[in-house]
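Contents: one structure, followed by commentary.
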Protein chains: 2
Amino acid sequence: MAVTAWEVEGDIDYAKMIKQFGTQPMTESLAGRLKKPLPNFIRRGALFSHRDLDKWLAAAESGKKITILTGRGPSNKMHIGHLLLYELAKYFQDAYGCRVYIPVSDDEKFFVKEGLSVEDVEKVAHDNIIDILAMGFDPKNTLVFMDFKYTKIYRHAAEVAKHMTYSMAKATFGLKPEQNVGWSFYPAMQSAHVMFPQFMEGAHNVLVPIGIDQDPFLRLTRDLTDRFKFIKPSTVYPIFLPSLSGSKMSSSAKDSDTTVIWLADDEKAVSQKIRKYAFSGGRASIEEHRKMGGNPDIDVSFQYLKYFFEDDDKKLKGMEESYKSGSLLTGELKEYLIAKINSYLKGHAKRRQDVERNLDKYMLED
Amino acid sequence: MAVTAWEVEGDIDYAKMIKQFGTQPMTESLAGRLKKPLPNFIRRGALFSHRDLDKWLAAAESGKKITILTGRGPSNKMHIGHLLLYELAKYFQDAYGCRVYIPVSDDEKFFVKEGLSVEDVEKVAHDNIIDILAMGFDPKNTLVFMDFKYTKIYRHAAEVAKHMTYSMAKATFGLKPEQNVGWSFYPAMQSAHVMFPQFMEGAHNVLVPIGIDQDPFLRLTRDLTDRFKFIKPSTVYPIFLPSLSGSKMSSSAKDSDTTVIWLADDEKAVSQKIRKYAFSGGRASIEEHRKMGGNPDIDVSFQYLKYFFEDDDKKLKGMEESYKSGSLLTGELKEYLIAKINSYLKGHAKRRQDVERNLDKYMLED
């Protein structure tokens, strides 16, 4: 398993990742402190690790200033694998009434992707931002910016850059001399993103919902916060929703059109993909399935229901049991999921329209 | 003689520099094409080298769009050694009626100088800008910006960065892994400064008056302009006004208070410094001087008159001859220069006040 900052491949062993990145495992007592109601995936154990979540919660519980930060690298259109992270950020905003900052690293994608113009990246970024905001962030308490449109961020990035040597950045980002100097600088920009709430509002506890594969960047930032008398940001890591084939969902994978459900997919595309490509934990034949039962733990459709699309715990439990017993067939499970996803995406498309009309309420620009 | 981008030391052999940097020597026919009246130092042969000045002049002569670009790294307060460069830029603005762009690299100084805050650098930059503008740039045709206050420049720097590998930047700037990532990125920022007139006004001929020690940066930029379909910027290099001791004037030298006349020096400081420290081409005693004569070519006071402070060619010629013959003593020459400098600095202080009141006419800010 190779986990670098730029790519994640292969099946994922979360216990191994906790060990590898040196993060803290989520505990029942800590999860128990989270305000209710919890999103499906937290309730069902998919918030598997953190750093200093307890400190952030302590600040929240004692009425101190707290904020949330979660970013987006606009490499491509968004898919359902991205939903957990933003759902998580939105949960904290709703539950704790705090501001959410969402920096969008158009510059990073511009530096890293060959042959892409600034305009290309901005188009993707714009579309991504609408997807993220359509998840229901509070327009009065959410600030989104793109580095190329809120260029004031450069000054903060420079302040961070002063304390980050090329060696440090290289150790975390694996920089190579043949890569452009945008790559060299970007680690400072990313740290500035993470520190941005504190640059804007002074030292306080910030919680960063993030993919654990991005943890090396966070650690780099945590090593620098002392320079600014800031508080080390806390982090929470949700699991990765699997791709249709069962591996980590990746929008940049070559086979993404058969492994990923895009937020922009229409009903037909969703039906076809789930039917054709969603890895099944069922048996080879209906007869065998009825007799032996299926395995929901490796069934991608079931995972999608469990970690996002099925709100009803009882119903989920029931489906799990009948799948195991063989009374629920893969085909039936898939049709149920298809209806759930399509209903969600229909609502999403509607919310996108609302957000697009009010985009300036969220955006920080020069 | 070590000439890197970051430091210039020792006496300077201009012919050697032309060879070293691969620039073109100034020719009589080219200098003859420059519109009159010429500043003292051009008339007296101190514009010693260039790249593609002929192309810029051809564009100017055929009525095409032309601009001037000259920057400032705000490392310290300014001294009379800086006057030639800005006098040169102003000459081109006056003679050819074109716009002058003056980017001020507060970010570079912030990255490079240990222990300096952004505020420290901005204070110096602000003061430098007033000094530069006090030389008489046209408020209707001059645009000045600091990277930290006109952060939109970041987007252009990023566009350049995409085409500049760390290896390329390292080859020009001598980057080291233990230096911060601001240094790594700054070469792209500096190239963006040089291309800025073309980013703003489209491809056209830009002339860059610059110290020849900065030529490696310019060459790096010239190698990148094709990527943007821009025209390679032309350059002109004035000689360096010597320090009081005869070496290159440096505001960062440890002994700068005895080798440099600051633009902010008062009359007393100027008198004391010239009397005490200005290297003399005169003889050891008055008797010897009267008998053998002095050497104006190595006399710092004479150089100051020749390259900047004495407008009257006849008078200068007369002084040169009487110094050589011994009828003009070092002390007399120095008193004459002191009066000239103090008169200039008095006018400069007055012009600074005017500029300060109207600073927003020149400044490009977010």
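Against the numbered list (1) modelled with pLDDT under 95; (2) under 17 Å from A:Asn40 (Cβ atoms), A:Thr259 comes up short only at (2).
Can you confirm whether A:Lys291 is of a type in the set (Lys, Arg), in the same structural domain as A:Asn76 (by TED's automatic domain parsing) and at pLDDT 95 or above? No, not satisfied.
Among the residues of segment B:151-169, those identified as under 23 Å from A:Lys152 (Cα atoms) and either part of a helix (DSSP H, G or I) or small (Gly, Ala, Ser) (or both) are B:Ile153, B:Tyr154, B:Arg155, B:His156, B:Ala157, B:Ala158, B:Glu159, B:Val160, B:Ala161.
For (1) under 26 Å from B:Val124 (Cα atoms); (2) in a helix (DSSP H, G or I), each residue gets a yes or a no:
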{"residue": "B:Gln272", "(1), (2)": "yes, yes"}
{"residue": "B:Phe279", "(1), (2)": "no, no"}
{"residue": "B:Glu287", "(1), (2)": "no, yes"}
{"residue": "B:Lys291", "(1), (2)": "no, yes"}
{"residue": "B:Tyr304", "(1), (2)": "yes, yes"}
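Restricted to helices (runs of 4 or more DSSP H) entirely inside segment A:48-129, those with at least 3 residues that are under 20 Å from A:Gln190 (Cα atoms), under 20 Å from the mean Cα position of the chain (by Cα) and at pLDDT 95 or above are A:83-96, A:106-112. For B:Val121, the requirement of being within 9 Å of chain A (Cβ to nearest Cβ) and of a type in the set (Val, Ile, Thr) is not met. Candidates B:Phe137, B:Phe185, B:Phe148: the one that is in contact (Cβ under 8 Å) with a residue 24 or more places away in the chain, outside any helix (DSSP H, G or I) and within 28 Å of A:Pro177 (Cα to Cα) is B:Phe148. Considering segment A:169-193, the residues that are touching a His at 6+ places or on another chain (Cβ under 9 Å) and at the interface with another protein chain (Cβ under 7 Å from one of its Cβ atoms) include one that is farthest from A:Asp213 (Cα to Cα), namely A:Asn180.
Residue-wise test of (1) crowded, with 20+ Cβ neighbours inside 10 Å; (2) within 12 Å of chain A (Cβ to nearest Cβ); (3) within 26 Å of A:Tyr166 (Cβ to Cβ).
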position	(1), (2), (3)
B:Leu84	yes, no, no
B:Lys113	no, yes, yes
B:Ile132	yes, no, no
B:Asn141	no, no, no
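Any idea which of A:Phe230, A:Phe196, A:Phe240 is more than 11 Å from every other protein chain (Cβ to nearest Cβ), within 18 Å of the chain's Cα centre (by Cα) and buried (at least 19 other Cβ atoms within 10 Å of the Cβ)? Matching residue, one of A:Phe230, A:Phe196, A:Phe240: A:Phe240.
Taking (1) at pLDDT below 95; (2) assigned by TED's automatic domain parsing to the domain that holds B:Met17 in turn, B:Val194 satisfies each apart from (1). With respect to the stated conditions, B:Phe230 is more than 26 Å from B:Leu329 (Cβ to Cβ), modelled with pLDDT of 95 or more and not in a helix (DSSP H, G or I). Would you pick out the residues in segment B:149-168 that are at the interface with chain A (Cβ under 7 Å from one of its Cβ atoms) and touching an Asp or Glu at 6+ places or on another chain (Cβ under 7 Å)? Matches in segment B:149-168: B:Thr151, B:Lys152, B:Ala158, B:Thr165, B:Ser167.
The values are calculated or read from the model by the stated rules, or taken from the named source; none is laboratory data. What you see is a predicted model; the values in this text were computed from it and never measured. Heads up, the Cβs are rebuilt from the backbone with ideal geometry, glycines too, and the neighbour counts pull from every protein chain shown.
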